[in-house]
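As structure tokens, the structure follows; a few thoughts come after it.
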Amino acid sequence: MKVIFKNARFIDPERKLDETGDLLVEEGVIRRIGGTTTEEDANGADVIDREGLIVAPGFFDMHVHLREPGREDAETVQSGLAAAANGGFTGVAYMPNTEPAIDSAEAIALVKEKARGSLTEAFPIAAVSVGRKGEALSPMAELVEAGAVAFSDDGAAVASSALLRRALEYSNMFGVPIVEHCEDPDLAGGAMNEGYFSTIYGLPGVPTVAEDVIVARGVLLAEFTGGAFHVAHVSSKRSIELVRDAKARGIRVTAEITPHHFTLVDEDVKTYDTNYKMNPPLRSREDLEAALEGLKDATIDAIASDHAPHAPEDKEREFIYAPNGVLGLETAVPLALSELVGKKVLSIETTIEKFALGPRRILNLPIPKIAEGEPANLTVIDPAEVWTYDAAKSKSKSRNTPFDKRLFTGKPVAAMNQGKLWRDGEMKTL
Amino acid sequence: MSLSSNHLLGLRGVPRSDIELILETAATFKQVLDRPIKKVPTLQGKTVVNLFYEPSTRTRISFELAEKRLSADAVNFSVSGSSVGKGETFRDTVRNIEAMKVDMIVVRHASAGVPLYLTRVAKSRVINAGDGTHEHPTQALLDIFSIKEKLGRVEGLNVCIVGDIAHSRVAFSNVYGLQAMGANVSVCGPSTMIPRGIERTGVKVYHDIDRAIAENDVLNVLRIQLERHARGYFPNVREYHRYFGLTEERIEKNNPNVLILHPGPINRGVEMTSGVADGDYQIILQQVANGVAVRMAILYLLGTRKENEQ
Ligand SMILES: [Zn+2]
């Protein structure tokens, strides 16, 4: 089967490619870039002819929660990967905080089996410690062999400085990073960002310093061990400064940010809608401004959704008791296009880098190329389409998003990978 | 005259005219309470549910009495904090109560935002009887009523709220209500108990109780939860009392005319000595009596308010 994108703009930042023309994919392989399609080419092809389409290397979300095994009512591997494809992602890395935790080769094999047949590839981030208990190191060598691309005890920071030190040393043998959920549990323990708004909304606060001390610890231990330390969902100004300084000193530190942290602020909690409750919490306007600076100057390497589905009976409850986290896979790219590209924070090229290149560089994964003869691993976006997100139509099994009915400018319109095409909410095999 | 809202969720942003209307109405009901037959038929046929997710005997009894004196049918629904998270969800409880077609819900909950949530899912009028560390508007209104009753005015007074401001729902309702009425509001307490960003609410912060006494007309002293010291908010009760507690000597030295309020229950020997708690400076029992009149006023004004009334 053939697919033709007519008059599209191809942007491949790694190869400094930025051209306009037609792109022909046949049997899942890029056959031709540029030029115009002949009648013979078009014969029997699925022709996508829309003005202004951008074809980029497939986007990758390095922080998602698939909830399987354990909470298949909230999400399954299949539903999560369908939401990923619908959101324009051809690859994701999934977190190990399932029940049981992903801390063995068998657990990875189980998810791999469930992911079979999806357009979006799923890469495991395995637990740092056995059962995420913060005690014994997980069998890292075995996990890397089974496909783990990173280690994390996400949901919580690595329980002790000593364990983090050993994790950084040991994982560095395989060049695999430690992805840290930066939160000091003693300093945290609240329901929203601590500051003026937690004071007037009467909710217990989580101070930014609860994040900062764990970022600082990680930076120092990365420097000491030479290991690779990745800051998940960075949200505070001071943490961004710590990452910036660490990079300037040549320490192996990277960072990702979620779309909700560059879009929303603590003040938005005012309705007490639990879809505004996440961890780290929505921060102040000042932190958001610092995040935009961090995205611009490449302190922040990647955009990751922290897709965290929750069943309605868990999420729709009193604010202080509701679990943290929101859906993200289907709104990440639209938010980046609306809030970053639309508001001239980042160029489209840099935004593509944060989605397609940044995460794969951190996880040492090959970056898809837009080149003739290469497998088609592509994300196609329409940066100008104005549309309204309808959470009721989400491919996820859950509905916990603060972005329901939000108007976006820019949309992922198609994704290709593994010989498959995702378009208009459906998957086709090429 | 009627209130500008169907619900009383807090005092932040509530116009002065609403507060004045509540205070005037409460004054009328206070006269009713002085009669031999302390009951009026105003809310006959109306059902009020007292939905208490936290034990608070004082507030609940005060509301219940106010409801009975207005001839409303009062139903108590208490859920202990320990059963939260087990069995029926909060959402289902609320749906059940709503199905019973109640006119008003008085709600107390450990989570801020629950009263606002109720206004979205239930058709009843909602009165916040304390949510998290957010607001407790009826307590603040009875405090303001009591200050006005004793001193004849609120406008221009210097009022200081003393104690654990960070964990108090009473403090901020007082701040907003008093500011709306033209008072100058300050707070006094250990720096660990003063929440971040408080200066943006326009209050002055003291850490020196002697200065707070000297520079204010009214001190509203909050109850200290003694277990807070275990979490490092203050070293111990003795030190708290020594540096922030009210004593007769302190008051005599700094400002013998100061008026003392306390929402109760008092930790004698912690927030204040028994000499202060029982002395001439305070109006603590008047506050309790006024609480019923103020809650009657609020129940009456909301219960008789017509839909879409401006
Ligand atoms: Zn996390």
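The values are calculated or read from the model by the stated rules, or taken from the named source; none is laboratory data. Please read these numbers as outputs of a predicted model, since none were measured by experiment. No Cβ is skipped: glycine too gets one built from the backbone with ideal geometry, and neighbour counts run over all protein chains shown. Quick note on the areas: whole protein, heavy atoms, side chains included, nothing else; ligands and nucleic acids left out. Shrake-Rupley method; radii C 1.70, N 1.55, O 1.52, S 1.80 Å.
A few notes on this one:
- Overall shape: rounded for the range B:167-224, with the ratio a/c of the largest to smallest alpha carbon gyration tensor axis below 1.5.
- In degrees, nearest ten, helix A:77-86 long axis to first principal axis of chain A (Cα): 60 degrees
- More than 21 angstrom apart: percent of Cα pairs within the range B:138-287: 36 percent
- As a rough guide to protection, the peptides B:174-184, A:52-62 ranked by mean Cβ packing within 10 Å, highest first, stand as A:52-62, B:174-184.
- Partners of B:Lys253 within straight-line reach, counting lysines whose Cα lies under 23 Å from its Cα and excluding those fewer than 8 residues away in the same chain: B:Lys150, B:Lys204.
- Counted over all Cα-Cα pairs of the range A:58-362, pairs farther apart than 32 Å make up 19 percent.
- Taken residue by residue and averaged, Cβ atoms of other chains lying within 10 Å of the Cβ of A:310-320 number 5.
- Mean Kyte hydropathy of 0.5 or more with a Cα span along the axis of at least 20 Å, helices from DSSP in chain B: B:284-303
- Put simply, the C-alpha atoms of chain B give a gyration tensor, and the ellipsoid matching it has half-axes of 32, 23, 17 Å, longest first.
- Axis of helix A:161-171 versus longest Cα principal axis of chain A: the two differ by about 30°, to the nearest ten degrees.
- Expressed to the nearest 5 percent, the antiparallel share of DSSP beta bridges inside the protein assembly as shown is 35 percent.
- GNM result for chain B, Cα springs below 10 Å: residue of B:Glu98, B:Glu227, B:Glu135 fluctuating most strongly: B:Glu227
- Heavy-atom accessible area order for B:Lys123, B:Lys253, largest first, 1.4 Å probe: B:Lys123, B:Lys253
- Taking every alpha-carbon pair under 8 Å whose residues sit at least 6 apart, chain B reaches a relative contact order of 22 percent.
- Inter-chain neighbour count for A:264-272: the average number of beta-carbon atoms from partner chains within 10 Å of each residue's beta-carbon is 2.
- Among B:Thr192, B:Thr89, B:Thr119, residue whose mean-square fluctuation peaks in a GNM of chain B (springs only between Cα atoms under 10 Å): B:Thr89
- In degrees, nearest ten, helix A:285-296 long axis to first principal axis of chain A (Cα): 50 degrees
- Within the range A:351-430, trypsin sites (Lys or Arg not before Pro) in DSSP loop having at most 11 other beta-carbon neighbours inside 10 Å: A:Lys405
- Cα centroid separation - the range B:100-176 against the range B:21-53, whole Å: 18 Å
- DSSP-defined beta bridges in the range A:58-362 - what % are antiparallel, rounded to 5: 5 percent
- Across peptide B:107-114, the mean count of Cβ atoms from other chains lying within 10 Å of each residue's own Cβ comes to 6.
- Rolled with a 1.4 Å probe across the full set of protein chains, the surface gives A:Ser160 an accessible area near 40 Å².
- 12 Å reach of a label modelled at B:Arg211, 7 Å along Cα-to-Cβ, counting backbone N of the range B:172-194: B:187-189
- Panel values: the protein assembly as shown, Kirkwood radius from alpha carbon pairs, Stokes-Einstein at 37 °C and 0.692 mPa s, translational diffusion coefficient 115 µm²/s.
- Distance from the C-alpha centroid of the range A:1-42 to that of the range A:73-126: 30 Å, rounded to the whole angstrom.
- Cα-based reach from B:Lys39 at 20 Å (exclusive), listing aspartates and glutamates while leaving out same-chain residues under 8 positions away: B:Glu24, B:Glu64, B:Glu67, B:Asp73, B:Asp103
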